[in-house]
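Notes for the one structure printed next.
The values are calculated or read from the model by the stated rules, or taken from the named source; none is laboratory data. As the structure is a computational prediction, the values presented were derived from the model and not from experiment. Backbone-built Cβ (ideal geometry, glycine too); neighbour counts: all protein chains shown. Note: accessible area is taken over every heavy atom of the protein model, side chains too, but ligands, DNA and RNA are not part of it. Shrake-Rupley method; radii C 1.70, N 1.55, O 1.52, S 1.80 Å.
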Amino acid sequence: MTDDPCACDSSHEGRSNDLEPAPDRWLGDSQRLEAPLPSDVQAGLGRVLGEGSIETLDKWVAEVRRRTNGSITVDDLCHADEETAHWGEIDGERYYFRCFYDAVLLSALAERPVAIRTESPGGTAIEARAAGATDLTVDPETAAFSFGVDETVSPPSDGEPSHADVYAAVCPFVRAFPDRESYDQWADAVPAATVAMPLEGATELAAALLA
């Protein structure tokens, strides 16, 4: 366990896995937040929060909002003191983050357009431009992003996970990819239960977290 609420290791090389990716790991329709998650993702999200299975992303969002009192600010994001591959830029001011999704949250919190850049686990540059919590254009257009949880995570010993516990279990598995196929290859090799969806839908999850 770490005292740093933003500590995470996004360099997971993972494990070898010859299984084909399950078709229900792709949340491609318009009801992404309400779609049932794979059972391993449900169980993992429940474990990290010390709860039973969490069936959908909207239920995960509701639980996170309850535990944060529904309040997230720019200062709460996991800023990095050095340059990283994940950043958001507003009017020429660049914010570096430890996790790419913090740049998406920045766009939902800001009242001005945000330029976003990140890199996939394979090193491919992915760029986006966001305006608020509803408008996101991405390059390449086929880009996807993952959401997942460490498959070895243990329930919190006192029944109440810290911010650091949740971040360490989830952050390394929220990544962007140039396409769905790149996600599939990565997902087969990491020690995590994950799902993915088109990157253009990333602001939908951010809007729900901040609503």
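Quick check on the chain: of the DSSP beta bridges with both residues there, what percent are antiparallel, nearest 5%?
95
Measuring only protein heavy atoms, the 1.4 Å probe finds Val138 accessible over about 20 Å².
Note on Trp87: accessible area approximately 40 square angstrom, rounded to 10, probe 1.4 Å, nucleic acids and ligands left out.
Once the C-beta distance of Thr152 and Arg129 is scaled by a Förster radius of 41 Å, the resulting FRET efficiency is 0.65 to the nearest 0.05.
By the gyration tensor of its Cα atoms, with a ≥ b ≥ c the square roots of the eigenvalues, what is the shape of the chain: rounded for a/c under 1.5, prolate for a/b over b/c, or oblate? Rounded shape, in that the Cα axes give a/c under 1.5. Normalising the average separation of contacting C-alpha pairs (under 8 angstrom, six or more residues apart) by the number of residues puts the relative contact order of the stretch 65-123 at 32 percent. Shape index of the stretch 161-204: Rg/Rh, with Rg the Cα radius of gyration and Rh the Kirkwood radius from the inverse mean 1/r over Cα pairs, equals 1.01. For the stretch 39-210, the relative contact order is 26 percent, taking Cα pairs closer than 8 Å that sit 6 or more residues apart in sequence and dividing their mean separation by the residue count. For the set Glu63, Glu151, Glu181, the ranking by accessible area, highest first and with no ligand, DNA or RNA atoms included, is Glu181, Glu151, Glu63 under a 1.4 Å probe. Shown are Tyr183, Tyr95, whose ranking by accessible area with a 1.4 Å probe and every protein chain present, most to least, is Tyr95, Tyr183.
Applying 1/(1 + (r/R0)^6) with r as the Cβ-Cβ distance of Asp184 and Asp75 and R0 = 30 angstrom yields a FRET efficiency of 0.25.
Here's the picture: charge each Lys and Arg Cβ at +1 and each Asp and Glu Cβ at -1 in the stretch 113-211, and of Met197, Val114, Leu209 the one pushed furthest to the positive end of that dipole is Val114.
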